[in-house]
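Trainee: Below is one structure. I have some questions about it.
The values are calculated or read from the model by the stated rules, or taken from the named source; none is laboratory data. Just so it is clear, the model here is predicted, and its values are computed rather than measured. Cβ coordinates were reconstructed from backbone atoms using ideal geometry, including for glycine residues, and neighbour counts include every protein chain displayed. Calculation scope for accessible area: heavy atoms of the full protein, side chains included, ligands and nucleic acids excluded. Shrake-Rupley method; radii C 1.70, N 1.55, O 1.52, S 1.80 Å.
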Amino acid sequence: MSDAPGQFAAIAGNLAQVRRAIAEAAREAGRDAAGIGLVAVGKTHPAGAVEAACAAGQRCFGENRVQEAAAKYPGLKARWPDLELHLIGPLQTNKVRQAVELFDVIQTLDREKLARALAAELARAGRRLRLLVQVNTGEEPQKAGIAPAATDAFLRLCREELGLPVEGLMCIPPADEEPGPHFALLAKLAARNGLGTLSMGMSGDFPIAVQFGATLVRVGTAIFGERAPAPRDRESEE
Ligand SMILES: *Cc1c(COP(=O)(O)O)cnc(C)c1O
């Protein structure tokens with residue numbers, strides 16, 4: 001980083017702006033902003049950028065790759081022990097052990113094989129972590145997530161048969177559609193399954209997600225700036 005102080009200030013300013021926008025959206029929706037958590041998505045940005053956000057008071061972060069998070073966060077967690085790390089990208093079963101060690105919340109539980117691997121690893125490690133089930137609300141073939149119609153049965157498997165501590169649902173609406181109906185569908189699926197946590201909304205649409213009941217918004221670009229074009233996604237290959 002050639003201009004570290006400037007970059008630190010920019011991230012602090014962006015964070016303040018996003019927090020204000022969340023508060024504003026909450027007020028308009030008649031909701032308490034305290035019920036809306038901000039997950040700052042640091043993917044592709046260096047540890048120094050995450051550090052700047054920590055220095056500005058942010059403690060909750062999201063990453064979409066286990067490998068990248070493993071390289072970035074151990075040092076940050078040593079310095080800020082209350083840092084909370086969320087996995088928001090696809091999880092391969094051969095990385096479950098590492099993910100369980102590293103993350104506090106896994107938002108991308110989306111298939112039986114992964115549910116069984118997580119249950120086994122949590123029992124083995126004697127660890128508890130928070131889980132969200134990802135729903136593919138747009139039923140996009142290339143996107144991770146359980147189909148909406150299969151969600152109730154999958155939740156029963158996770159919670160009743162495997163005893164997994166699922167606390168909510170997560171979705172990423174199709175990029176080329178109005179997000180509102182997807183957020184509404186996710187809220188409906190969560191409500192009828194008695195789940196209180198709704199992870200939905202990104203830089204482009206988090207105020208709309210707040211309208212529809214988001215309790216976690218995942219914001220990257222609006223805090224850390226544009227990302228370099230992502231390499232082809234290989235995390236979902238299994
Ligand atoms: C990258 C990412 C985000 C953040 O996206 P922005 O548009 O940069 O805010 C949120 N959720 C998931 C699952 C992501 O992969």
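Trainee: Pull out a ≥ b ≥ c, the square roots of the eigenvalues of the alpha-carbon gyration tensor of region 1-141, then state rounded if a/c is under 1.5, prolate if not and a/b is larger than b/c, and oblate in the remaining case. Don't jump to the answer; show the numbers that get you there.
Mentor: Working: a/c = 2.01, a/b = 1.35, b/c = 1.49.
Since a/c reaches 1.5 but b/c is at least a/b, the shape of region 1-141 is classed as oblate.
Trainee: Explain nothing, just the number: relative contact order of the chain, from Cα pairs under 8 Å at least 6 residues apart, as a whole percent.
Mentor: Normalised by residue count, the contact order of the chain is 21 percent.
Trainee: Right, next: Assuming a ≥ b ≥ c are the square roots of the Cα gyration tensor eigenvalues, decide whether region 27-70 counts as rounded (a/c under 1.5), prolate (otherwise, with a/b larger than b/c) or oblate.
Mentor: On the way: a/c = 3.49, a/b = 2.02, b/c = 1.73.
It comes out prolate by the Cα gyration axes.
Trainee: Further question on the same structure: Which value, in debye to the nearest 20, describes the size of the charge dipole of the chain about its Cα centre when Lys and Arg Cβ atoms bear +1, Asp and Glu Cβ atoms bear -1, and nothing else is charged?
Mentor: 640
Trainee: Further question on the same structure: Would you check the chain for Lys pairs whose C-alpha atoms are within less than 22 Å, ignoring same-chain pairs closer than 8 in sequence, and give me the count?
Mentor: 10
Trainee: Cβ under 12 Å from Arg124's Cβ, Arg124 left aside: what net charge do those residues give with Lys, Arg +1 and Asp, Glu -1?
Mentor: 0
Trainee: Along the three principal axes, how long is the chain when you take its alpha carbons, biggest first, rounded to the nearest angstrom?
Mentor: Cα spread of the chain along its principal axes, largest to smallest: 51, 41, 32 Å.
Trainee: Let me ask something else about it. What number comes out for the charge environment of Leu155, summing +1 per Lys or Arg and -1 per Asp or Glu over other residues with Cβ under 14 Å away? It would help to have the intermediate numbers written out before the result.
Mentor: Working: positive: Arg111, Arg156, Arg159, Lys188, Arg192; negative: Asp110, Glu112, Asp152, Glu160, Glu161, Glu167.
So the environment of Leu155 carries a net charge of -1.
Trainee: Still on this model: Expressed as a rounded percentage, what relative contact order does region 46-155 have, with Cα pairs under 8 Å and six or more residues apart? Intermediate values should be presented prior to the final figure.
Mentor: Numbers: 146 pairs, mean separation 21.6, N = 110.
Once divided by the residue count of region 46-155, the mean separation gives 20 percent.
Trainee: Another question, if that's okay. Lys/Arg Cβ at +1, Asp/Glu Cβ at -1, dipole of the chain taken about the Cα centre: which of Val100, Phe8, Leu155 is farthest positive-ward?
Mentor: Toward the positive end, the furthest listed residue is Val100.
Trainee: Separate question: Per residue, how much accessible area does the chain have with a 1.4 Å probe, in Å²?
Mentor: In whole numbers, the chain has 46 Å² accessible per residue.
Trainee: Rounded to a whole number, what % of the accessible area of region 21-144 do carbon and sulfur atoms account for, probe 1.4 Å?
Mentor: Summing carbon and sulfur atoms, their accessible area is 49 percent of the total for region 21-144.
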